[in-house]
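Contents: one structure, followed by commentary.
The values are calculated or read from the model by the stated rules, or taken from the named source; none is laboratory data. Just so you know, these numbers come straight off a predicted model, no measurement behind them. Note: ideal-geometry Cβ built from the backbone for every residue, glycine included; neighbour counts use all protein chains shown.
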Amino acid sequence: MSQACESLRLAVLPGRLSALRLLDRRANAFALVSHPMHQLGKTREEETKQMKRISYKLASVFALSVFGLSAPALAQQELPPQLTSGAKSHVPPAVQMLRWHMNDGEVASLTFRSMDTLFTTRSVPRSGPVWDLPRVDHALDFTYEYKGKTYKAADILERTYTNALLVMKDGKIVSEIYRNNSDERTRFMGWSMTKSLTSILIGSALAEGRIKSLDEPITAYLPELKGSGYDGVSIRHILQMRSGVDYEERYDFANPGLAATNHINALVKNVARFADMARQVKRLHKPGTVFQYKTIDTAVLGWLLERVSGGDTIAGYATKHLWEPLGAERDGFFIMDGPPGTGREFNGAGYNATLRDWARVGQMMLDGGKANGRQIVSADWVAESTRPTDPAEAGPMGYGYQWWTMGGGSYTALGLQGQYVFVDPASRTVVVKLSYFPPADQVAAEETAAFLKAAAAWTPR
């Protein structure tokens, strides 16, 4: 043996030993399956061919191991301790890992438009005539100011991690841009923009008389919450994110608190229903006194919708009272929490729709709750839900009924990592921006706010 060959042999010896142990296990496994093959009627010739194929695969594995590739290729995927502790999940480890990393900046451009491959979903089907959105395409020939510098409107696309952008002026599409291999059929995750859809559905349920008054206590409909922090809290206070319950919206997954643990159990592992945490939370503030943004409030509103819908699901109610009359062009869908068959729609941050269908929601709000010739929710509800609860919050950011207010009468549905359905009634502008901001990136959010203000002021010539 040459000196070079001997050096190579010594360098890869540990890998070869691992491969030999693997070969031994694979051979034992083959011994177990070869006898049933014969029982199923395979001929000796077929068995021989099968053995040759498996032997070839094993030889390939051995060859890879010689060059040090066996460990990464063959090691079982290892879940972090946050996913292995607590109740056992039946979600495959690979899927749990994808959900665990779905918000990472390196993959969010893809995962935020692929949620139906990561989760069990419930469809919100479209039906009937599509609401035609006329268009007068126009270059984005305006600029915006950010931190003392002037940028072209198109700069916003790459500077703020944009997957898709649509601008409407007075009911007409003037710009529609898809990026990163998305297109008009792509359904984008809205994250917490879903809260604003929940608000619309609460308005519908109130108009139908399914909810008698926003000032009724939530326990009048959900007695399961008696004795929890929600006992004595009105529906209005929950809409305003002023429930007063002790639930900090902090997603520190390295050291998970209540909210992060609930996210892990309900959405990553699917071992609990997200809204069920409401049974356990305690009181922190007097209801109605302190604004504290928390998705558990919206989950309770979804539970309320489910309860008053007459046996329907949230998706079913949304289909009848929003998506069909809206004239959507594609089915939307919710991702589901909890175990399949017993979970419910993640109505706090789990709705997915196309760019144009998100724009239809914005245009409907701009038109006083009317879409495609049909009144979906009253103009009074639109005005009430998009008005800041506290007059002192008139700008730059306030909160209504699950809508963020942005000053000057403008408002937006706002989702995690850069999802916007922005409405400016004064200029009759709707902007939908679907993004993949890096987690906790406030710079991109600040620059987007500057862009939205400039887009509202822009008049295409």
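So for the range 291-305 (the condition being in a loop (DSSP other than H, G, I, E, B) and over 30 Å from Asp246 (Cβ atoms)), does at least one residue qualify?
Taking every residue of the range 291-305 in turn, none turns out to be in a loop (DSSP other than H, G, I, E, B) and over 30 Å from Asp246 (Cβ atoms).
Exactly one of these conditions fails for Ile235: (1) within 26 Å of the chain's Cα centre (by Cα); (2) assigned by TED's automatic domain parsing to the domain that holds Ser378. Give me its number.
Against the list (1) within 26 Å of the chain's Cα centre (by Cα); (2) assigned by TED's automatic domain parsing to the domain that holds Ser378, Ile235 comes up short only on (2).
Is at least one residue of the range 260-276 more than 24 Å from the chain's Cα centre (by Cα) and either closer than 26 Å to His90 by Cβ or among the hydrophobic types (A, V, I, L, M, F, W, C) (or both)?
Within the range 260-276, not a single residue is more than 24 Å from the chain's Cα centre (by Cα) and either closer than 26 Å to His90 by Cβ or among the hydrophobic types (A, V, I, L, M, F, W, C) (or both).
Where the second residue is at pLDDT 95 or above and among the hydrophobic types (A, V, I, L, M, F, W, C) and the first is more than 26 Å from Gly171 (Cα to Cα) and lies in the range 135-160, which pairs have Cβ atoms under 6 Å and are six or more apart or on separate chains?
Tyr146/Ala450
Within the range 126-146, restricting attention to residues that are among the β-branched types (Val, Ile, Thr) and in a loop (DSSP other than H, G, I, E, B), which residue is surrounded by the fewest Cβ atoms within 10 Å (Cβ to Cβ)?
Here the answer is Val136.
Which residues, taken from the range 350-384, are touching a helix residue (DSSP H, G or I) at 6+ places or on another chain (Cβ under 7 Å) and more than 30 Å from Asn103 (Cα to Cα)?
Gly368, Gly369, Lys370, Ala371, Asn372, Arg374, Ile376, Val377, Ser378, Trp381, Val382
Looking only at residues that are touching a Ser or Thr at 6+ places or on another chain (Cβ under 8 Å) and more than 18 Å from Thr448 (Cα to Cα) in the range 171-187, which one is surrounded by the fewest Cβ atoms within 10 Å (Cβ to Cβ)?
Arg185
State whether one or more residues within the range 388-402 are out of contact with any Lys or Arg (no Cβ under 9 Å at 6 or more places or on another chain) and either crowded, with 24+ Cβ neighbours inside 10 Å or of a type in the set (Lys, Arg) (or both).
Within the range 388-402 (the criterion being out of contact with any Lys or Arg (no Cβ under 9 Å at 6 or more places or on another chain) and either crowded, with 24+ Cβ neighbours inside 10 Å or of a type in the set (Lys, Arg) (or both)), the answer is no, since none of the residues qualifies.
So if I check each of Gly338, Gly348, which one is modelled with pLDDT under 95 and under 30 Å from Met277 (Cβ atoms)?
Only one candidate passes the filter, namely Gly338.
Could you list all residues from the range 367-387 that are under 16 Å from Tyr401 (Cα atoms), in contact with a Ser or Thr (Cβ under 8 Å, 6 or more places away or on another chain) and crowded, with 21+ Cβ neighbours inside 10 Å?
Gly369, Val377, Ser385, Thr386
Against the condition in contact with an Asp or Glu (Cβ under 7 Å, 6 or more places away or on another chain), in contact (Cβ under 8 Å) with a residue 40 or more places away in the chain, buried (at least 18 other Cβ atoms within 10 Å of the Cβ) and within 23 Å of Ile211 (Cβ to Cβ), how does Ser234 come out, does it pass?
So Ser234 passes the test.
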